[in-house]
Each structure stands twice: as structure tokens, then as C-alpha cells.
Amino acid sequence: MAIVKVQNRAHGIMYHHFHDEQKHIVGQGSISAESFNDMLDFYGKSHNIIGAEEFLRKSETGTLSPSDVCLTFDDGLLCQYDVAYPVMKDRGLTAFWFIYTSPLDGVMERLEIYRHFRSLMFPDIEDFYAAFFSIVSAHDTEAMKAMQCYNPDEYLKEFPFYTPNDKRFRYMRDVGLGEKKYNVIMDKMLEMYRYDIEKNSQILWLSTDNMRDLRQQGNIIGLHSYSHPTVMIKKNYSEQLKEYATNKRQLEEVLKEEIVAVSYPCNSYNSDTLKCMKELGMKIGFRANMAEVCLAEYLYEYPREDHANIMKAMEVAR
Ligand SMILES: [Zn+2]
């Protein structure tokens, strides 16, 4: 039987979306409680899955071994709390939860709204991509032209589980359109499909009570910026500092303690970001893939394995 190769460095496993097929619908890349449990069994055969506080303590004392692994949840999603957290509690495990805080101010952060819209309104992600590209081509010829520079072999090659259209879509979103024009296109779609933002947003994010409960049970709550920009490195140092300092202040108000951990939204970080982390007193930071450190700041650049890669390895092992 194939076993996942032990990485040469302690790392995190990165999780985003979960489903229970009732409150939390199936979406692209979402996993059930059962697959989550199976995955922990599988990865645990070749790795030492430890709690968040133990991981942090070992990091600070330089005693992490290459097989040590922690669990991490990005984006502060209610589906993580409802579906994955009970499984973890049964196993006596804790995790890092990286939370962006604009939803606490009532901001319906588009990233999550758009994702939910895609899952709810389209039977398959390919149906969404087809509708999306037809609207872009009707409204923005300039953005369509940008696709001529798109190189599918190079773009996002560190995410091998993306399908060709996943990559085309991300390229169009981040390069062809850019944030503002992308939002205009998506808002147009929400309107066309009569998606109820107010109603649907109720089930997307963790409440402050959820956060306090997680912390009380020994989980570590960490930074993930205020508004979750997809390309943080386009912002200058002071803009980045504002994103993370606001995020920190809000989480500290909720938890009444200092926040010391961070993960970078969409793996977008540069030397300015790491300068911010020092300024804000972070003790540990996580990338969003298993690539080697970019900036030689080991404590701020712990690698993470995307759960999708582990799912793939499980299929191969079967
Ligand atoms: Zn994120």
C-alpha cells in the first residue's frame, strides 16, 4: 500500500470547505465529515498529527520533527465548525483557525458569497464557468484579449488539482479582469440569478461565540487579514499593515488575548508582509503550499499541504 511520503519539514494541512448536504451544500473541493475522518486516519499513518498549541510550542523551542503536522482552517467558515470540528473533538485534536474579520463588521465578503452562489445556482462548476465566460466576452473585450497571454502549463502549476477551466477562470479573475472589474461581472450574475445575499450570508461565517468556544477548547485563532485580498502583494507596506493590524485588533477584542499566528490569504506575501508580521509580534506563519520558503523566514513560512493533494494520494493508495 502506498503511504504519503513524509515531507522533510513539519507542516500544516490546509482546509477550507466542508459539506453536510443540508445546511452546508456540496461545493467545489468541499469534503464531508467522513472523508475528513478518513483523511486523518490516512495521513496519521505516516505523520504525527499534533494539536495547535503543541505545534506552536515545538516551533518556538525548535523541537518540531519533520513528521509533525498540524491542522489549519482558513477563512473562518461556519461549515468548518459545524462539520469538521465535531470530528476533531472526537479525536481530541485542535487546530489553527485563520480568520479574516470583515464579516464581523457586516461586510458580505464577496469571495465567499460568490463561491456559495456558484455552488447553489449551478449544478456543476463547468456550468458556472461557461456562464461566466459568456458574460465576460459580452461585456469586456479587453479582458478577453488578456487571455492571449495565458500559459496553462505555467500558471498555478503548484496546484496540480486545478482543472484547466479552474485555472482559466482564476487567470481571468486575477489577471484579465482584476478585482474591481471581476466584482462588477459577478454582481451582474448575482442579480441575473436572483441570489439572496442577505439570507445566504447567515450560514457562511463563524460567529464570535464560535471563535470563543474554539479558543476555550485549546484551538489557536490566527490572522488572515481584514478583507482577504486575493493578491496582497499588490498593496504597499502600510496598506498591508492596515489589513493585518485591523484583523488583529478585532480578533483580540473577541478573544481578550494576544494573537500570534497568521496564514497569508491566497499565499500572497512578500518581504513587506513579513515586516508587518514582525511589527505585529507574530510567532508563527503559514504558506499555502509545500514549496520551499521564499524569503528564508522559516518561522513565518511553514509549508502547508492542501487537503486535495492528500485526497489524491488516498485514491492512489486504494
Ligand atoms: Zn483564505
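Annotation note: of GLY92, GLY76, GLY62, GLY51, the sole residue that is farther than 21 Å from MET314 by Cα and modelled with pLDDT under 95 is GLY62. For the range 282-293, taking the residues that are within 16 Å of the ligand (Cβ to nearest atom) and not basic (Lys, Arg), the one that is farthest from HIS307 (Cα to Cα) is identified as GLY285. Please tell me if TYR298 is touching a Leu at 6+ places or on another chain (Cβ under 8 Å) and free of Cβ contacts under 8 Å to residues at least 40 places away in the same chain. Judged against the criteria, TYR298 is not a match. Restricting attention to the range 229-281, the residues that are of a type in the set (S, T, N, Q), within 13 Å of the ligand (Cβ to nearest atom) and surrounded by 23 or more Cβ atoms within 10 Å (Cβ to Cβ) total 2. Taking the condition within 16 Å of the ligand (Cβ to nearest atom) and assigned to a helix (DSSP H, G or I), does ALA308 pass? Yes.
Somewhere in the range 30-41, is a residue away from the ligand (no atom under 16 Å from the Cβ), hydrophobic (A, V, I, L, M, F, W, C), surrounded by fewer than 19 Cβ atoms within 10 Å (Cβ to Cβ) and part of a loop (DSSP other than H, G, I, E, B)? No, the range 30-41 contains no residue that is away from the ligand (no atom under 16 Å from the Cβ), hydrophobic (A, V, I, L, M, F, W, C), surrounded by fewer than 19 Cβ atoms within 10 Å (Cβ to Cβ) and part of a loop (DSSP other than H, G, I, E, B). With respect to being of a type in the set (Phe, Trp, Tyr), in contact with a His (Cβ under 6 Å, 6 or more places away or on another chain) and not assigned by TED's automatic domain parsing to the domain that holds ARG115, TYR43 falls outside the description. If the condition is being away from the ligand (no atom under 16 Å from the Cβ), of a type in the set (A, V, I, L, M, F, W, C) and more than 16 Å from ALA261 (Cβ to Cβ), then the range 55-83 contributes only VAL83.
Conditions tested, residue by residue: (1) touching a Lys or Arg at 6+ places or on another chain (Cβ under 6 Å); (2) without any contact (Cβ under 8 Å) to a residue 60 or more places away in the chain; (3) hydroxyl-bearing (Ser, Thr, Tyr); (4) not in a loop (DSSP other than H, G, I, E, B).
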| residue | (1), (2), (3), (4) |
| --- | --- |
| GLU21 | no, yes, no, no |
| GLY27 | no, no, no, no |
| GLY44 | no, yes, no, yes |
| LEU71 | no, yes, no, yes |
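Restricting the range 260-292 to residues that are within 16 Å of ILE233 (Cβ to Cβ) and in a loop (DSSP other than H, G, I, E, B) leaves a set whose member that is modelled with the lowest pLDDT is ALA291.
The set of residues in the range 140-192 being within 21 Å of TYR114 (Cα to Cα), loosely packed, with under 15 Cβ neighbours inside 10 Å and more than 26 Å from the chain's Cα centre (by Cα) consists of GLU191, MET192.
The helices (runs of 4 or more DSSP H) located wholly in the range 84-167 that include 3 or more residues which are under 22 Å from LEU71 (Cβ atoms) and more than 16 Å from the ligand (Cβ to nearest atom) occupy 85-91.
Under the condition of being more than 23 Å from PHE55 (Cβ to Cβ), among the charged types (D, E, K, R) and not in a helix (DSSP H, G or I), the residues counted in the range 224-259 number 1. Consider the range 231-265 and keep the residues that are hydroxyl-bearing (Ser, Thr, Tyr) and more than 18 Å from the chain's Cα centre (by Cα). The one that is nearest to GLY218 (Cα to Cα) is THR246.
The values are calculated or read from the model by the stated rules, or taken from the named source; none is laboratory data. Since this is a predicted model, take the numbers as computed values, not measurements. Cβ atoms come from the backbone with ideal geometry, glycine included; neighbour counts cover every protein chain shown.
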